[in-house]
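The values are calculated or read from the model by the stated rules, or taken from the named source; none is laboratory data. All values reported here derive from a predicted model rather than from experimental measurement. No Cβ is skipped: glycine too gets one built from the backbone with ideal geometry, and neighbour counts run over all protein chains shown.
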Amino acid sequence: MAATAPPTSIGSAKIDGVIQRASANQPQKLSGAALYSRFAFAGAVCCAVTHGGLTPVDVVKTRIQLDPATYNTGMIGTFRKVIATEGAGALLTGVGPTFAGYFLQGAFKFGGYEFFKQQCINQFGYETASNNRTAVYLASAAAAEFFADIALCPLEATRIRLVSQPTFASGLVSGFGKIAKQEGFGAFYSGFGPILFKQVPYTMAKFVVYEKVAELMWQQIDKNKASDGTKTAVNLGSGLIAGFAAAIVSQPADTMLSKINKTKGLPGEGTTSRLIKIAKELGIRGSFGGIGARLFMVGTLTAGQFAIYGDIKRVLGATGGVEIAK
């Protein structure tokens, strides 16, 4: 027997009209490509804007990591030294590949995180996913970051080369083309191992700490009654703490990534042997070079990312995101 559709009228023209008007005013829940494309766009914008805006701090951090003997006066001192020797414009070195690379990475990272979180729920059920939400956050973040790094790696390699060798090329297009011509396409992925080693733990820490801190904050505030300003403030505070945790977890790999992309390897030298050699040269102390600048940078940009991401999602009507916090 075929199922019958539910009645569209309750028999009263006036009441039917009220119901129809109320339904028309309700925001439509998005799903599928329409929803995840909005997540991806919001993630792309929040990452590109924050990373691009903090390019001067990233330049200083990279200089400290690559040449600690020269840049040994901390973040403020290095700012002054770079400006004095190369001009203020040097602080924007690599802004092109930074913006482009993190636009792509942000789309895959945030869009992918929401996508893989939904897949976990589809696989295990909402209740199981909610009861094991820390594992869901970690797995979703790791999977999303893997694909994000495939997109980011060539542009990050170009950025580091421009920052570490200011005379190498004049910008993104010329630097990218010069590396491809002189060293081949494989050179763009010489740092893929370090970037995974850096970015996957970084993103896992970033999302799980953000989710946990936000969950604690929302236990004290009624989210349904909270203003948009309050929601942005919660995202900022949770993002700041998440950024500090992510920076500390990923700092050694970040230093190794800067080192391995500074110059091309010796003939016949593989990536693994280069990484081992760099790790021995750095030691524990050396691997945390530039940590002060990076804590400031990552804390600031992560707070900004989650605030911008949340605001753009609201503007775009991306209200179908999965929340499994209790």
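Figures for the structure shown
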| item | result |
| --- | --- |
| Boolean, Phe124 is hydrophobic (A, V, I, L, M, F, W, C) and closer than 21 Å to Gly310 by Cβ | no |
| Enumeration of residues in the range 256-280 that are of a type in the set (D, E, K, R), under 27 Å from the mean Cα position of the chain (by Cα) and modelled with pLDDT under 70 | Lys262, Lys264 |
| Sole residue being over 30 Å from Ala180 (Cβ atoms), at pLDDT below 80 and outside any loop (DSSP other than H, G, I, E, B), chosen from Gly292, Gly283 | Gly283 |
| Selection status of Phe108, within 22 Å of Leu316 (Cα to Cα), at pLDDT 90 or above and surrounded by 14 or more Cβ atoms within 10 Å (Cβ to Cβ) | yes |
| Residue ID - farthest from the chain's Cα centre (by Cα), chosen from residues in the range 194-221 that are modelled with pLDDT of 90 or more and charged (D, E, K, R) | Glu215 |
| Residue match in the range 74-93 (condition: buried (at least 23 other Cβ atoms within 10 Å of the Cβ), under 27 Å from Ser287 (Cα atoms), touching a Ser or Thr at 6+ places or on another chain (Cβ under 9 Å) and of a type in the set (Asp, Glu)) | no |
| Condition check for Gly32: surrounded by fewer than 23 Cβ atoms within 10 Å (Cβ to Cβ) and touching a Ser or Thr at 6+ places or on another chain (Cβ under 8 Å) | no |
| Any hit, the range 114-130, residues being under 14 Å from the mean Cα position of the chain (by Cα), under 27 Å from Cys46 (Cα atoms) and at pLDDT 85 or above | yes |
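Conditions (1) part of a helix (DSSP H, G or I); (2) crowded, with 18+ Cβ neighbours inside 10 Å; (3) in contact with a Phe, Trp or Tyr (Cβ under 9 Å, 6 or more places away or on another chain), marked per residue:
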residue: Gly229; (1), (2), (3): yes, no, no
residue: Gly239; (1), (2), (3): yes, yes, yes
residue: Gln251; (1), (2), (3): yes, yes, yes
residue: Ser258; (1), (2), (3): yes, yes, no
